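S.K.: Structure below; questions to follow.
The values are calculated or read from the model by the stated rules, or taken from the named source; none is laboratory data. Given the structure is predicted, the values throughout are model-derived calculations rather than measurements. Cβ coordinates were reconstructed from backbone atoms using ideal geometry, including for glycine residues, and neighbour counts include every protein chain displayed. Calculation scope for accessible area: heavy atoms of the full protein, side chains included, ligands and nucleic acids excluded. Shrake-Rupley method; radii C 1.70, N 1.55, O 1.52, S 1.80 Å.
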Amino acid sequence: MYKHLGPVETIDNGVVTLGVALDVGRIVSFKQHDADDWIVVFDQASIPSWHWHPWGGDRMWPTAQGLNLQIYNNDGFDPVIDGAPWELISKTASSLVMRSGISPQLGLQVTHKIELLAESSEVLHSYRVERLAESVYPVHVWAVTGVRGGDYILMESVAPAKTHKYRKPYRRWPAEYPAAPVVKSLEDSQVLKFEWARDEQQKIGSYGHWIAMVDAEQAFCQYIQFQPNELYLERSNLQAYVNTERSTYEVETLSPTWPLRIGESREWCVRWQLVDLPAQAQSAEAVAQFLAEHL
């Protein structure tokens with residue numbers, strides 16, 4: 001049990017275990033048996049003036065960041081969906097369903113089902129977002145996962161020409177992070193390799209189906225369905241953020257944005273998988289090719 005994150009509900013399929021801290025609505029552990037944890041959390045008190053929580057782990061944000069000042073009068077994220085306790089709806093040995101409170105600003109409630117697939121390292125996350133009260137604000141499923149720092153991040157980039165400035169295959173945030181990120185487009189693929197210096201804070205985004213943190217002989221992969229004709233207010237549906245000073249490394253996936261009416265809902269799925277890399281995959285190009293074929 002954590003001091004600030006609270007007690008942990010654990011599910012296990014005999015291959016991997018996953019832990020959820022319901023008091024904060026976050027996944028706080030995901031690992032294979034007798035292996036290092038992929039999820040990184042920080043068991044510390046929040047600072048109210050920040051309007052966001054420094055807990056790490058895996059959480060869900062329901063709105064585009066650029067709208068937060070309009071919605072909440074601060075630059076933080078939803079204090080109910082990302083901050084208040086979630087309710088445990090049901091649980092089996094290898095699955096769990098939890099539900100958020102209702103955000104007063106969004107009129108939104110989120111149900112998150114987590115299933116460990118049998119005899120594998122795969123996890124299926126099913127989100128249901130439902131509008132229960134009137135709100136003008138569009139919503140989405142932005143899943144942010146704090147992971148251990150590996151060697152580099154790979155992310156698919158399948159639509160660079162029409163989606164990013166200066167015909168780059170990725171989006172930047174130059175106002176917040178003025179230094180150019182270390183990003184390489186891998187040959188003969190639609191995959192980006194994102195690296196970082198020892199002392200750096202940086203972020204990039206792209207459009208694609210999958211993103212992965214690669215650490216030695218294993219990759220933590222996340223896969224979603226990219227729907228190119230839908231609306232993405234974050235101008236990307238895959239994002240990667242690093243802050244080496246805080247030991248923060250995040251892989252992020254985003255659904256399209258939906259303008260829900262009262263009574264309407266949407267479903268969204270994110271698939272996690274731990275992939276053991278073959279010995280012959282020594283280069284980033286070889287790893288990217290293997291993951292693209294595997295996923």
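S.K.: Consider segment 244-266. How many of its residues are open to solvent by 60 Å² or more (accessible area, probe 1.4 Å) and hydroxyl-bearing (Ser, Thr, Tyr)?
M.R.: The qualifying residues number 1.
S.K.: While we're looking at this one, here's another question. If you go through segment 230-243 one residue at a time, how many are assigned to a loop (DSSP other than H, G, I, E, B) and either surrounded by fewer than 19 Cβ atoms within 10 Å (Cβ to Cβ) or not hydroxyl-bearing (Ser, Thr, Tyr) (or both)?
M.R.: The total comes to 6.
S.K.: Could you list, ordered by first residue, the pairs with Cβ atoms under 6 Å in which the first is in segment 103-128 and touching a residue at least 24 places away in the same chain (Cβ under 8 Å) and closer than 17 Å to Trp61 by Cα and the second is part of a loop (DSSP other than H, G, I, E, B) and hydrophobic (A, V, I, L, M, F, W, C), at least 6 apart or interchain?
M.R.: What qualifies is Ser103/Val80; Ser103/Ile81; Gly107/Leu132; Gly107/Ala133; Val110/Ile81; Tyr127/Val141.
S.K.: Another one. Only one of these conditions is not met by Gln201: (1) buried (at least 20 other Cβ atoms within 10 Å of the Cβ); (2) in contact with a helix residue (DSSP H, G or I) (Cβ under 8 Å, 6 or more places away or on another chain). Which number is it?
M.R.: Condition not satisfied by Gln201: (1).
S.K.: Here's a follow-up. Scan segment 265-292 and report the pairs whose first residue is under 30 Å from Leu132 (Cα atoms) and whose second residue is of a type in the set (Val, Ile, Thr), with Cβ atoms within less than 6 Å and a gap of 6+ or a chain change.
M.R.: Arg266/Val129; Trp268/Val141; Val270/Ile224; Val270/Thr253; Trp272/Val123
S.K.: All but one of (1) buried (at least 16 other Cβ atoms within 10 Å of the Cβ); (2) closer than 24 Å to Val251 by Cα; (3) in contact with a Pro (Cβ under 9 Å, 6 or more places away or on another chain) hold for Trp61, so report the exception by its number.
M.R.: (3)
S.K.: With a cut-off of at least 2 residues that are surrounded by fewer than 16 Cβ atoms within 10 Å (Cβ to Cβ) and touching a strand residue (DSSP E or B) at 6+ places or on another chain (Cβ under 9 Å), name the strands (runs of 3 or more DSSP E) lying wholly within segment 1-54.
M.R.: The qualifying strands (runs of 3 or more DSSP E) are 9-12.
S.K.: Checking the structure you have, find out if any residue of segment 267-282 is part of a loop (DSSP other than H, G, I, E, B), crowded, with 18+ Cβ neighbours inside 10 Å and touching a Leu at 6+ places or on another chain (Cβ under 7 Å).
M.R.: No, the conditions are met nowhere in segment 267-282.
S.K.: Of the residues that make up segment 83-96, is at least one at pLDDT below 95 and assigned to a loop (DSSP other than H, G, I, E, B)?
M.R.: Narrowing segment 83-96 to residues at pLDDT below 95: 83.
Adding the requirement that they be assigned to a loop (DSSP other than H, G, I, E, B) leaves 83.
Yes, that holds for at least one residue.
S.K.: Would you be able to tell me the number of residues in segment 83-116 that are crowded, with 20+ Cβ neighbours inside 10 Å, β-branched (Val, Ile, Thr) and within 22 Å of Thr17 (Cβ to Cβ)?
M.R.: Within segment 83-116, residues that are crowded, with 20+ Cβ neighbours inside 10 Å, β-branched (Val, Ile, Thr) and within 22 Å of Thr17 (Cβ to Cβ) number 1.
One line per residue, one yes/no per condition, for (1) surrounded by fewer than 17 Cβ atoms within 10 Å (Cβ to Cβ); (2) at pLDDT 95 or above; (3) among the β-branched types (Val, Ile, Thr):
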position: Leu132; (1), (2), (3): yes, yes, no
position: Val147; (1), (2), (3): no, yes, yes
position: Tyr152; (1), (2), (3): no, yes, no
position: Glu156; (1), (2), (3): no, yes, no
position: Ala161; (1), (2), (3): yes, no, no
position: Pro169; (1), (2), (3): no, no, no
position: Asp188; (1), (2), (3): yes, no, no
position: Gly205; (1), (2), (3): no, yes, no
position: Gly208; (1), (2), (3): no, yes, no
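S.K.: Here's something else I'd like to know. Given the criteria among the aromatic types (Phe, Trp, Tyr) and touching a residue at least 60 places away in the same chain (Cβ under 8 Å), does Trp196 qualify?
M.R.: Details: among the aromatic types (Phe, Trp, Tyr): yes; touching a residue at least 60 places away in the same chain (Cβ under 8 Å): no.
Taking the combined requirement at face value, the residue does not satisfy it.
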